[in-house]
Amino acid sequence: MAARRLWRYGVMGLMAVMAAQAMPPSAAQARSRSHARGEAQHGQPDVGHVPLQCDNPKFLSDVEMAESTTGYHADRVEHVCGRVIAVSQARRTRSGWHGYFYVDTGSGVSIRIVSDLDRMSAPAWPWVAKGDRADVLGRYYYDSPRSQGIDWTHHGTGRNWPVEGYVVINANRYQ
């Protein structure tokens, strides 16, 4: 009897796992996968005009708007600058090796910068250090207050992102 009950619960547990795997991904998981592939989630990104110089006030306004609304947030082109406050180790993701650092954009707001190390013409990571001056052009994505950043900081464009990005660290341009 005990063996039969264990077998029944084992099968039921296996069925639950299989059902969970067959479920469609959550919106956050789907968006995360689309960002890893460089795809837009809904429609076209909000590119507008590409700022030729740093525009932290525009960025701070876009962050405030994203955090005050719910639902889908279109990716936006942003040009930010400030001091590097932290650097993370490079990590391998589905789309390759990425380096991460955080820039203080003022008003107590910092933003995660994602650099696609496989696509950038740059020295070995880390080519940025805490305290460096950074100037970044890229795609601002907002999934939630804990999942936002600026990626597409490399040369080239994609099917769903028409703007070439770059990172300037202490007057050295990496693209």
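The values are calculated or read from the model by the stated rules, or taken from the named source; none is laboratory data. Since we're looking at a predicted model, the values are computed, not measured. Heads up, the Cβs are rebuilt from the backbone with ideal geometry, glycines too, and the neighbour counts pull from every protein chain shown. The protein model used for the area step is the full one, side chains on, heavy atoms only, and it has no ligands, DNA or RNA in it. Shrake-Rupley method; radii C 1.70, N 1.55, O 1.52, S 1.80 Å.
Within the set Ala124, Ala129, the sole residue that is aliphatic (A, V, I, L, M), in a loop (DSSP other than H, G, I, E, B), modelled with pLDDT of 95 or more and open to solvent by 30 Å² or more (accessible area, probe 1.4 Å) turns out to be Ala129. Checked against the criterion of being under 21 Å from Leu60 (Cα atoms), touching a Leu at 6+ places or on another chain (Cβ under 7 Å) and at pLDDT 90 or above, the candidates Val136, Val114, Val109 yield just one match: Val109. Within segment 97-112, not a single residue is open to solvent by 20 Å² or more (accessible area, probe 1.4 Å), in a strand (DSSP E or B), among the polar types (S, T, N, Q) and over 26 Å from Gly48 (Cβ atoms).
Condition check for Val50 on (1) touching a Lys or Arg at 6+ places or on another chain (Cβ under 9 Å); (2) open to solvent by 30 Å² or more (accessible area, probe 1.4 Å): one failure, at (1). With respect to Leu137, is the statement that it is under 16 Å from Asn172 (Cβ atoms), open to solvent by 20 Å² or more (accessible area, probe 1.4 Å), touching a residue at least 12 places away in the same chain (Cβ under 8 Å) and under 16 Å from the mean Cα position of the chain (by Cα) true? So Leu137 does not fit the description; no. Against the numbered list (1) in a helix (DSSP H, G or I); (2) of a type outside the set (Gly, Ala, Ser); (3) in contact (Cβ under 8 Å) with a residue 12 or more places away in the chain, Met65 comes up short only at (3). What are the residues in segment 137-161 that are part of a strand (DSSP E or B) and polar (S, T, N, Q), if any? Scanning segment 137-161 gives Ser144, Ser147, Gln148.
Kindly indicate the residue of segment 68-96 that is of a type outside the set (S, T, N, Q), open to solvent by 70 Å² or more (accessible area, probe 1.4 Å) and part of a strand (DSSP E or B) and also farthest from Arg133 (Cα to Cα) among those meeting that condition. Result: Arg92.
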